[in-house]
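Enquirer: Dumping the structure here so I can ask a few things about it.
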Amino acid sequence: MNAAAEIGVIGGSGLYALLEDAEEVEVSTPYGSPSDPITVADVGGRRVAFLPRHGRDHRYPPHKIPYRANLWALRALGVRQILAPCAVGGLRPELGPGTFVVPDQLIDRTSGRAQTFYDEGAVHVSFADPYCPNGRAVLLKARQADVEPVDGGAMVVIEGPRFSTRAESRWFTSIGGSVVNMTGHPEAVLARELALCYTAIALVTDLDAGVEGDHGVTQEEVFRVFGENTVRLRSVLLAAVTQLPTVRDCPCATALDGIKLPFDLP
Ligand SMILES: [Zn+2]
């Protein structure tokens with residue numbers, strides 16, 4: 001069986017497997033091993049690679065995930081378009097548990113993470129629009145039964161692993177945040193640095209700590225709500241991968257044109 005893939009899905013908390021009849025592939029990278037062996041299978045005529053972001057046994061907390069190895073390994077397998085589901089807290093009352101959001105912006109509040117492949121030379125990618133416009137359009141159209149994703153919003157990414165204080169959560173809302181999570185960065189920028197299309201789809205599991213009268217998020221709540229919505233998320237993802245373009249005409253594909261990289265792309 002051919003291990004190469006063109007589309008990647010990086011599964012978040014609660015989504016540790018996606019594909020059926022999949023081939024497992026071990027990939028090593030200059031940045032170590034990815035979070036888990038990658039599984040590859042056909043989905044509606046497309047070759048899809050799946051990687052559980054935290055490892056299938058959830059051994060990597062958000063700040064310890066080998067983000068660089070994960071993106072490098074997917075690209076090395078041939079992946080050029082990535083769909084990235086994740087669990088998020090809602091920063092606005094209308095974004096309650098069970099809501100899907102396809103964000104269009106990102107606010108980085110992480111610290112101390114390796115967030116670039118470019119450790120030498122002057123290499124600066126454009127990141128004004130962190131997500132692939134084609135991937136976003138596909139996810140917004142890939143409506144399944146009771147799933148109608150919210151179009152747009154800024155995802156605030158915190159360092160974690162603790163959840164936010166009420167003051168932080170209110171502040172994130174005041175600066176324009178719609179949802180908050182712990183893994184959306186540096187994943188998105190590392191994808192851009194490898195000229196990969198990257199599109200997040202966020203599943204709201206809680207109302208974080210900022211919404212008046214709410215009790216403040218707990219880990220138990222996040223995992224329970226994500227588990228309740230895994231079937232909906234899988235159906236959206238599997239529908240979307242078949243609708244991604246076969247030829248990329250988006251800015252992600254040409255993000256590195258004219259830029260001299262300090263290494264050869266895998
Ligand atoms: Zn793209």
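The values are calculated or read from the model by the stated rules, or taken from the named source; none is laboratory data. Small disclaimer: the values here were computed from a predicted structure and weren't measured. Quick reminder, even Gly has a Cβ in these numbers, built from the backbone with ideal geometry, and neighbours come from all protein chains shown. Quick note on the areas: whole protein, heavy atoms, side chains included, nothing else; ligands and nucleic acids left out. Shrake-Rupley method; radii C 1.70, N 1.55, O 1.52, S 1.80 Å.
Enquirer: Once you order the gyration tensor axes a ≥ b ≥ c over the Cα atoms, which shape class does the range 129-195 get: rounded for a/c under 1.5, otherwise prolate or oblate by comparing a/b with b/c?
Expert: Judged from the Cα gyration tensor, the range 129-195 comes out oblate (a/c at least 1.5, b/c at or above a/b).
Enquirer: Can you list the HN-Hα couplings for the range 87-102, worked out from phi with the Karplus curve (6.51, -1.76, 1.60; θ = phi - 60°), rounded to whole Hz and with x for Gly and Pro?
Expert: Whole-Hz 3J(HN,Hα) from phi for the range 87-102: 8, 9, x, x, 9, 9, x, 6, 9, x, x, x, 6, 9, 10, 9.
Enquirer: Jot down the radius of gyration and Dmax of the range 7-251, Cα atoms only, both in angstrom.
Expert: 16.7, 50
Enquirer: Right, another one. Through the Karplus equation 6.51 cos²θ - 1.76 cosθ + 1.60, θ set to phi - 60°, convert the phi angles of the range 223-228 into ³J(HN,Hα) values in whole Hz; use x for Gly and Pro.
Expert: 5, 5, 5, 4, x, 5
Enquirer: State the dimensionless ratio Rg/Rh of the range 161-259 (Rg: radius of gyration of Cα atoms; Rh: Kirkwood radius).
Expert: The Rg/Rh ratio comes out at 1.05.
Enquirer: While we're looking at this one, here's another question. Can you give the local net charge around His63? Use residues other than it whose beta-carbon is closer than 11 angstrom to its beta-carbon, Lys and Arg +1, Asp and Glu -1.
Expert: Counting the neighbours of His63, the net charge comes to +2.
Enquirer: Related question: What's the magnitude of the charge dipole for the range 7-251 around its Cα centre, counting Lys and Arg as +1 and Asp and Glu as -1 at the beta-carbon? Answer in Debye, nearest 20.
Expert: Dipole magnitude for the range 7-251 comes out near 280 debye.
Enquirer: Moving to a separate point now. Shape verdict for the range 1-50, please, from the Cα gyration tensor: rounded (a/c under 1.5), prolate (a/b greater than b/c) or oblate.
Expert: oblate
Enquirer: While we're here: Using mean Cβ contacts within 10 Å as the protection proxy, how do 249-259, 195-205 order, highest first?
Expert: By packing density, highest mean first, the sequence is 195-205, 249-259.
Enquirer: Which whole number of Å³ per residue matches the convex hull of the alpha-carbon atoms in the range 67-164?
Expert: Once divided by residue count, the hull of the range 67-164 is 141 Å³.
Enquirer: Ignoring ligands, DNA and RNA, how do Lys141, Lys64, Lys260 rank by accessible area with a 1.4 Å probe, largest first?
Expert: Sorted descending by solvent-accessible area, the residues read Lys260, Lys141, Lys64.
Enquirer: Using +1 at the C-beta of Lys and Arg and -1 at the C-beta of Asp and Glu, which of Val9, Thr205, Val157 has the Cα lying farthest in the positive direction of the dipole of the chain?
Expert: Val157
Enquirer: Taking the mean number of other Cβ atoms within 10 Å as a proxy for protection, how do you rank 80-87, 30-37 from highest to lowest?
Expert: Taking the mean over residues of other Cβ atoms within 10 Å, the ranking is 80-87, 30-37.
Enquirer: If you average the sequence gap of Cα pairs under 8 Å that are 6 or more apart and divide by the length of the range 7-251, what percent do you get for the contact order?
Expert: RCO, the range 7-251: 27 percent.
Enquirer: Place +1 on the Cβ of every Lys and Arg and -1 on the Cβ of every Asp and Glu in the range 7-251, take the dipole about the Cα centre, and give the residue among Pro103, His63, Ile82 whose Cα lies farthest towards its positive end.
Expert: Of the candidates, Ile82 comes out farthest on the positive side.
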